[in-house]
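Structure first, commentary second.
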Amino acid sequence: MSRLLKKVPNINIRGYSSLQNKMQAIQISKLGGIEVLENVTLPIPKPSPTQLLVKNEFAGVNFIDTYFRTGLYMPPLPTILGEEGAGTVVDIGSQVSDFEVGDRIAFMTSFQGYAEYATIDPKKAIKLPPNVPTDIGCATLIQGLTAYTLIERSYKVTKNDTVLIHAAAGGTGRLLVQLCRHIGATVIGTTSSEEKGKIALEDGCDHVINYSTEDVPSRIKELTNGKMVDVVFDGVGKATFWKSFDSLKYCGTLVSFGNASGKVEPIEINILSKKNLVLLRPTLHWYITTKEEFTNYSKKLFDLVQNGTLKVNISKIFDLKDAAQAHTFMESRLSTGKVLLRIGSHNQIKSKQ
Ligand SMILES: NC(=O)c1ccc[n+]([C@@H]2O[C@H](COP(=O)([O-])OP(=O)(O)OC[C@H]3O[C@@H](n4cnc5c(N)ncnc54)[C@H](OP(=O)(O)O)[C@@H]3O)[C@@H](O)[C@H]2O)c1
């Protein structure tokens, strides 16, 4: 039993009821390129007693969505894509006590973001502070929590560290740069172009290396007077893995957290003994398994956004129906921050029933 739209009389329920229980969504039923992203009409899901029903305003586009689309990570099929979103709670399960209909929230989910409605586990949802707009709330969550947990849990960055951050002008990269700078570490970023290099410097990098034209370990050697770096945060994967390895000092830490250029090839474990390196391959999911972990990190993250320490950059917003363009934009290395989908009644999607 759910407490349907009774608590907040001024909530805009018209959009919810007039859809006759149908919603627009972006679904895949097979793996492949952007052509497998289909605009579909589906039933609005019903929240279980422990869930929230959210009317989405924005969905975050993350690299992982492209991994699911292509099959680099295997999704269930058919499936809606999208691991995060933000919007308004329009219905709550009978056992949910800490959210109300009408709450404006950002949330993490699995395979539900690219849709007008989603049923959400309240353990992975946060009420947005009044002065945080819904688009910024959505843009903050996955990339922000990833950056935050990487510098807290994967490798605890201190002011004495020299860190190397690949794709420093990307969504997660820009947040990592700002967080490491805030801590007082020396920050070296890599980017593929001069324009992106400028962004990385403005965000707080002490040095930027153009990894399309320069050899990263040689430049790191010059910049650190031969000391090399304490830690590398590498979300690029296949193309940078060995450069990251060669940029580290003895007993350094390589945090390999993504596959933007492809999956890292299997490695021989003994290779680590060459420099006594620590190698991690973390995923955000396992740093926020409990409500306490999610709430703790999210609150700290939004505090940093609210007090101006962390600037969340939205690179581009696409309409839900243009999710394919959003994937192309991201995969073509054009984004310099968060890519979002806007979801609303103005989205006149030509649907496949
Ligand atoms: N482990 C986790 O839990 C977790 C969570 C979130 C994200 N991630 C990972 O973090 C990485 C960054 O994600 P993001 O969402 O913040 O994306 P992003 O950094 O905004 O975009 C990826 C960037 O990677 C760089 N890149 C290098 N080679 C590339 C290639 N062949 N194709 C496309 N991009 C390439 C590009 O920057 P340049 O043009 O400067 O090279 C590009 O802008 C991804 O690998 C993602 O999977 C992991």
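Some points to look at:
- Conditions (1) within 16 Å of the ligand (Cβ to nearest atom); (2) closer than 23 Å to Gly137 by Cα; (3) open to solvent by 40 Å² or more (accessible area, probe 1.4 Å); (4) of a type in the set (S, T, N, Q): number failed by Asn62: (3)
- Failed criterion for Asp303 (all others in (1) assigned to a loop (DSSP other than H, G, I, E, B); (2) open to solvent by 60 Å² or more (accessible area, probe 1.4 Å); (3) under 18 Å from Ala147 (Cβ atoms); (4) not aliphatic (A, V, I, L, M) hold): (1)
- Selection within the range 158-194 - among the aliphatic types (A, V, I, L, M) and either in contact with a strand residue (DSSP E or B) (Cβ under 6 Å, 6 or more places away or on another chain) or free of Cβ contacts under 8 Å to residues at least 40 places away in the same chain (or both): Val163, Leu164, Ile165, Ala168, Ala169, Leu176, Val177, Ile183, Ala185, Val187, Ile188
- Residue satisfying condition, being within 16 Å of the ligand (Cβ to nearest atom), surrounded by 22 or more Cβ atoms within 10 Å (Cβ to Cβ), farther than 25 Å from Pro217 by Cβ and of a type in the set (A, V, I, L, M, F, W, C), within set Leu141, Leu164, Leu150, Leu179: Leu141
- Complete set of residues in the range 110-128 that are assigned to a loop (DSSP other than H, G, I, E, B) and in contact with a helix residue (DSSP H, G or I) (Cβ under 7 Å, 6 or more places away or on another chain): Tyr114, Leu128
- Note on the range 218-246: residues that are of a type in the set (Ser, Thr, Tyr) and either surrounded by fewer than 21 Cβ atoms within 10 Å (Cβ to Cβ) or closer than 28 Å to Gly308 by Cα (or both) total 2.
- Where a residue in the range 198-217 is assigned by TED's automatic domain parsing to the domain that holds Met228 and buried (at least 16 other Cβ atoms within 10 Å of the Cβ) and its partner, wherever it lies, is among the aliphatic types (A, V, I, L, M) and in a loop (DSSP other than H, G, I, E, B), with Cβ under 7 Å and at least six apart: Ile199/Ala169; Ala200/Ala168; Ala200/Ala169; Cys205/Ala168; Val208/Ala168
A quick yes/no check of all residues on (1) modelled with pLDDT of 95 or more; (2) more than 13 Å from the ligand (Cβ to nearest atom); (3) of a type in the set (Gly, Ala, Ser):
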{"position": "Ala185", "(1), (2), (3)": "yes, yes, yes"}
{"position": "Thr191", "(1), (2), (3)": "yes, no, no"}
{"position": "Lys198", "(1), (2), (3)": "yes, no, no"}
{"position": "Gly226", "(1), (2), (3)": "yes, yes, yes"}
{"position": "Lys249", "(1), (2), (3)": "yes, yes, no"}
{"position": "Lys263", "(1), (2), (3)": "yes, no, no"}
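- Phe257 vs. criteria assigned by TED's automatic domain parsing to the domain that holds Ala168 and closer than 18 Å to Thr146 by Cβ: yes
The values are calculated or read from the model by the stated rules, or taken from the named source; none is laboratory data. Worth saying up front: this structure is predicted, and the values here are computed from it rather than measured. Using ideal geometry, Cβ is built from the backbone for each residue, glycine included, and neighbour counts are taken over all protein chains shown. Calculation scope for accessible area: heavy atoms of the full protein, side chains included, ligands and nucleic acids excluded. Shrake-Rupley method; radii C 1.70, N 1.55, O 1.52, S 1.80 Å.
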